[in-house]
1. Inside the range 164-215, counting only helices (runs of 4 or more DSSP H) that do not spill past its ends, which hold 1 or more residues that are in contact with a helix residue (DSSP H, G or I) (Cβ under 7 Å, 6 or more places away or on another chain), loosely packed, with under 15 Cβ neighbours inside 10 Å and not assigned by TED's automatic domain parsing to the domain that holds residue 233?
2. Out of all the residues in the range 77-91, which are touching a helix residue (DSSP H, G or I) at 6+ places or on another chain (Cβ under 8 Å) and modelled with pLDDT of 70 or more?
3. Restricting the first residue to the range 105-133 and requiring it to be assigned by TED's automatic domain parsing to the domain that holds residue 94, which pairs with a second residue that is surrounded by 13 or more Cβ atoms within 10 Å (Cβ to Cβ) and part of a loop (DSSP other than H, G, I, E, B) meet a Cβ separation below 6 Å and a spacing of at least six or different chains?
4. Among the residues of the range 94-111, are any modelled with pLDDT under 75, exposed (fewer than 14 other Cβ atoms within 10 Å of the Cβ) and in a loop (DSSP other than H, G, I, E, B)?
5. Which residue is surrounded by the most Cβ atoms within 10 Å (Cβ to Cβ), if the candidates are limited to the range 112-160 and must be in a loop (DSSP other than H, G, I, E, B) and at pLDDT below 80?
């Protein structure tokens, strides 16, 4: 009888331990799914759940990559899992968690799905090889970058570019300003010369935005961004300079 009671008591303890381990595992998996990651903070930080200081210099807390909430590891277990993502932290459309994306924009599904399907149904249903013939990689990347640019705040982007321009030496700033005024005039005659801001960005980007190191691989990787920056400079010449 005593042996049976001891066995039952032991089974209860084991069940509690198993349940505890399962709970911790579930919490860890949930945290990963929600984008809550262990974070090392620079300087003093306070837990936004218990309002106590986060002691230690290494991995003393976690930060939600969606809303930016900073809490102790233990406190993260008590924080609701349905946070509202901050648009400032959602930098792109692709390679982003689906739930995070729709909650950030308060939509039922990603806007990229609506836009693409609407365009295909409007002018692509009779296209030969629809969904079978692959598009050009460069064109696909340009479309993806365009979607990412429209989610970011245009005013904040221009402000950031303007602040960087002010860091240029006077001679560089004036030369760039004068060149952008000229290129803006070129785009005003696009009907004749077929050169818009994007085309000019392709031409002038590698020259104006040349990386410090002479690396062919780096240059190829940066080409799209070089084009984009020059395009922004031309299109917003009157605001940035």
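The values are calculated or read from the model by the stated rules, or taken from the named source; none is laboratory data. Given the structure is predicted, the values throughout are model-derived calculations rather than measurements. No Cβ is skipped: glycine too gets one built from the backbone with ideal geometry, and neighbour counts run over all protein chains shown.
1. Once the helices (runs of 4 or more DSSP H) in the range 164-215 are filtered for at least 1 residues that are in contact with a helix residue (DSSP H, G or I) (Cβ under 7 Å, 6 or more places away or on another chain), loosely packed, with under 15 Cβ neighbours inside 10 Å and not assigned by TED's automatic domain parsing to the domain that holds residue 233, nothing remains.
2. 77
3. 112/93
4. Yes: one or more hits.
5. Here the residue is 152.
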